[in-house]
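Reviewing the structure listed below.
Coordinate-derived values only; no laboratory data. All figures in this text were calculated on a predicted structure; none of them were measured in a lab. Every residue, glycine among them, receives a Cβ derived from its backbone with ideal geometry; neighbour counts consider all protein chains shown.
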Amino acid sequence: MALPSPDRSYLPGLPRYLSFVDESGHSVDPRRNCLCLAGLIAAEDAWRVCDLEWRAACAEEGLSEPFHMMHFAAGKREYKGWPEERRRRLLAKLVGAIRAAQAIPIGSVVMLRGPDALSEAVQRRYRDSHFIAFQPLTYHIAVAANMMDPMGQGPGPVTMVYAHHPEHSHGLSNTRNLWDALREHNRMVAMMMQSYVCETRRECTPLQAADLWAYELGHHFERIRPQGKPPRWAFKEFVKMGLNYDFTHNFISYHGASGVNGIGQMACVQHWQEVSLYWPGFIYRVTEGGVELLREMARLKQFQTKPSATR
């Protein structure tokens, strides 16, 4: 199956959206400090155009195998010996196809090791950090489809396609069961969570696009951000597509020693701070109307803690 065809009888008359999710990193890999899940959501028709453009770009550069960002970045297999000009040309075409689809990137990052690592107790409680990253990513994809008008067609149900994972797609603890639980217990967005689909990226070009986004997200939080290096071109393009404070969802959810945080409007509203995108640490953003609310909270706190005049 290249692209799923959503059931038109579900909430008829509303636009259809498709999201595609892939992973970067693994919780048991001692070389990795973080695990990331990355998703792209766009209108169904836009993905079908993107599929054609993606295949054409790969064919023009002579690829015989499906695009895989890890092989591309490392210059392995088909990409071995490619000159930099050819590499940049293909990457520009692929990112351009994602941008033309008006896809919105959404990410979820779990810090496994290092100074800001999520506690081992929390990691053990969820069995695998993949499940920690899965929940906010799925929720924010649903929020993107349910709470705003990101693609100009109005809110509509989203069919969520996840890259097949041998450890997490099957068994007693699997992402399908977790997806069903999220849908059951998040009534605010459940209506727009149309269906769960598990697919391989071989014939599904939007999953190859999600693989590209997942690699850039993982590499940024694994290498670029901790070392304070300039962000990569592709990552900055994804930031342009995804970081919009008019959106109600988080662009990136972040799980570390400080707890659950993020980058985007929801992080600002819930935590009064968000993860600094390019440098380690946090930044504070007070939303519109938040200044008066903070003053009122401070006034009430002062009133409550004022010493009593009586003994």
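Reducing the stretch 73-132 and the stretch 4-67 to their Cα centroids gives an inter-centroid distance of 13 Å.
Taking a sphere under 11 Å around the Cβ of Tyr79 and counting the other residues whose Cβ falls inside, with K and R at +1 and D and E at -1, yields a net charge of +2.
Derived scalar couplings between HN and Hα for the stretch 30-44 equal x, 7, 9, 9, 8, 10, 10, 10, 10, x, 10, 10, 7, 5, 4 Hz in order, rounded to whole Hz, by the Karplus curve 6.51 cos²θ - 1.76 cosθ + 1.60 (θ = phi - 60°), x for Gly and Pro. Using a cutoff of 8 angstrom between alpha carbon atoms and counting only pairs six or more residues apart, the relative contact order for the stretch 49-153 works out to 24 percent.
Sparse packing (at most 15 other Cβ atoms within 10 Å of the Cβ) combined with a DSSP loop state is found for the following chymotrypsin sites (Phe, Trp or Tyr not before Pro) in the stretch 1-43: Tyr10. Coupling constants for the stretch 230-242 follow from the phi torsions by the Karplus curve (6.51 cos²θ - 1.76 cosθ + 1.60, θ = phi - 60°), and in residue order they are x, x, 6, 4, 4, 5, 5, 5, 5, 4, 4, 6, x Hz; glycine and proline get x. Ranked by the mean number of other Cβ atoms within 10 Å of their residues, highest first, the peptides 135-142, 86-93, 251-258 fall in the order 135-142, 251-258, 86-93.
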